Amino acid sequence: MFEKIREQISKHLVLQFVLVSVISWISLFLLWYLIAIAVPKGVFCSDIFSPFWEKQCCTSITDFQEYVTANDMTLEEASIYNLLCNCEKNVVFYPFRVDGCTRDINAQVICSDGIFCPIVYTPSKIYWKRWYFWGLAIAMLFSESIVLVFVCKQIHRMKILYHQIIGTHPEKRDLVIGVDGNDELSLLGKKVESMRIMLLKSIDEEVSMRQSQTELIASLSHDIRTPLTKISTCLDILNYKIVKTEEEKAACITMASNNARQLKHLTDDLLNTVTSGKESTVHHREILDGASMLSQLLYEGSYDLEMGGFELQLPEKISGSWQMDVDVVEMKRVMDNISSNLQKYANKDFPIKMWIKESDEVVTVYIQNHKKILCADPENVSHGIGLQSIKRILEEMGGELKAENKEDYFTMIVTLPKYK
């Protein structure tokens with residue numbers, strides 16, 4: 001039961017303040033009683049202070065006697081003066097026994113008509129008033145200090161929480177908002193901390209989305225250059241009438257048409273990326289004859305490289321009855337990126353080697369080139385955009401791209417799954 005009560009009190013600041021106030025009032029009464037009543041009685045009644053009170057008694061008797069003699073007081077007048085007017089002294093004398101804490105005395109005060117003989121004395125009212133006043137003052141200070149300590153503690157917790165909140169910054173990831181306790185303030189700190197974590201998460205997601213969008217736009221812009229360059233080349237060939245036969249002219253027009261369709265596909269993806277922030281995934285997938293498709297892609301890629309002055313060592317005719325579930329346009333984009341990469345970084349003095357390995361599950365294409373020495377030309381700086389595009393497209397179709405970058409050779413390993 002007490003455990004439940006303590007748990008409820010620890011959860012509510014109001015209950016804590018009420019409990020502290022009750023303790024404060026109890027301590028006020030107890031401390032006042034101790035200082036104003038218990039301690040004075042102990043001081044007067046204890047044998048330790050007997051010499052002090054005997055000295056006070058002697059001094060008061062002497063002063064009383066001098067006053068009575070100087071004013072020629074009678075016994076009755078002296079008795080009335082002692083009880084009513086002699087309160088400024090520390091002690092009051094009585095010629096009879098009284099209730100309370102008293103001390104015995106054997107003294108005589110000579111009056112004009114007799115002798116005043118006190119037998120006991122007690123502290124005067126001024127003595128008690130002093131103790132009452134200081135007892136009440138000290139008790140009130142102590143009682144208020146209890147409440148003040150509690151209030152200051154809560155204000156300190158509020159200041160800590162305030163400085164933690166205004167000090168929140170996305171760069172300060174190790175900062176944790178919260179204060180000790182199980183009450184409303186600690187609950188507020190936990191709520192603010194959860195909001196801070198959600199805000200940081202949303203900022204990270206926004207930064208990641210912007211970075212991803214930038215990379216996607218850069219990738220598409222990079223890939224758009226290849227078909228655009230090929231279209232421009234075909235148009236130049238037709239414009240300057242370099243072709244010699246109608247077959248070559250038809251092939252050139254077909255190549256320009258195919259690259260125009262690919263360019264439209266890429267520009268559509270670019271527009272979608274700019275408007276939605278996400279690049280289109282691989283679509284228009286078809287189940288095709290794997291050997292024929294790979295042969296066609298390698299042939300087109302080889303044609304571009306041979307036109308650029310490269311020597312190639314191609315695999316023998318690809319055969320087999322296996323199939324692939326791929327997007328032809330995206331696979332063309334993969335081959336264009338590979339050709340572009342080879343034209344930029346392959347050494348023309350050495351042949352580019354291509355070979356294929358098959359298993360029951362996958363087909364792996366190896367493309368290896370001898371690296372040329374790059375000069376300090378900004379156009380030769382690699383940003384890795386082409387390889388990232390290839391990797392993303394292949395992963396969307398269940399494939400994989402690996403690269404082996406050695407001192408003299410660079411090998412791309414393209415793996416595609418067979419369709420079952």
So the number of lysine pairs in the stretch 2-148 with alpha-carbon atoms under 29 angstrom apart, 8 or more residues apart or on different chains, is 9
Per-residue ³J(HN,Hα) for the stretch 167-183, Karplus 6.51 cos²θ - 1.76 cosθ + 1.60, θ = phi - 60°, Hz, x for Gly and Pro: x, 5, 8, x, 7, 8, 6, 7, 6, 10, 8, x, 10, 5, x, 9, 9
With springs connecting C-alpha atoms under 10 Å apart, model the chain as a Gaussian network and identify which of 350, 49, 133 has the largest mean-square fluctuation. 49
Could you pull out every whole DSSP H run in the chain that spans at least 27 Å of Cα extent along its own axis and averages -1.0 or higher on the Kyte-Doolittle scale? 13-33, 50-71, 125-166, 184-239, 246-276
Flagged as over-length at 18 Å C-alpha distance, from 249/348; 172/201; 230/317, the pairs are 249/348; 230/317
Please pull out the direction-averaged projected area of the stretch 179-334, using the convex hull of its alpha-carbon atoms, in nm² to one decimal place. 16.0
Going from the fewest other Cβ atoms within 10 Å to the most, one would list 358, 316 as 316, 358
List 234, 57, 45 from most exposed to least, where exposure is judged by having the fewest other Cβ atoms within 10 Å. 45, 57, 234
Value at 222 nm in deg cm²/dmol, rounded to 500, when DSSP H runs of n ≥ 4 in the chain each add -39,500 (n - 2.57): -20000 deg cm²/dmol
Whose amide H sits under 5 Å from the amide H of residue 312, counting only residues 5 or more places off or on another chain, with H placed in the peptide plane? 352
Labelled set [x] 43, 27, 20; [y] 35, 27, 19; [z] 114, 20, 18; semi-axes √(5λ) of the Cα gyration tensor in Å computed from this model equals the value at [z]
Please arrange 52, 93 by counting, for each residue, the other beta carbons lying within 10 Å of its beta carbon, fewest first. 52, 93
Before anything else, pin down the relative contact order of the chain: Cα pairs under 8 Å, at least 6 apart, normalised by residue count, whole percent. 11
When the convex hull of the C-alpha atoms of the stretch 92-193 is computed, what volume per residue in Å³ does it have? 160
Stokes-Einstein D for the stretch 285-420 (20 °C, 1.002 mPa s, Kirkwood Rh from Cα pairs), in µm²/s, comes to 139
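Readers should treat all values here as calculations from the given coordinates under stated rules, not as data from a laboratory. Because the structure is predicted, anything quoted here is derived from the model rather than measured. Note that each Cβ is placed from the backbone with ideal geometry, even for glycine, and that neighbours are counted across all protein chains shown.
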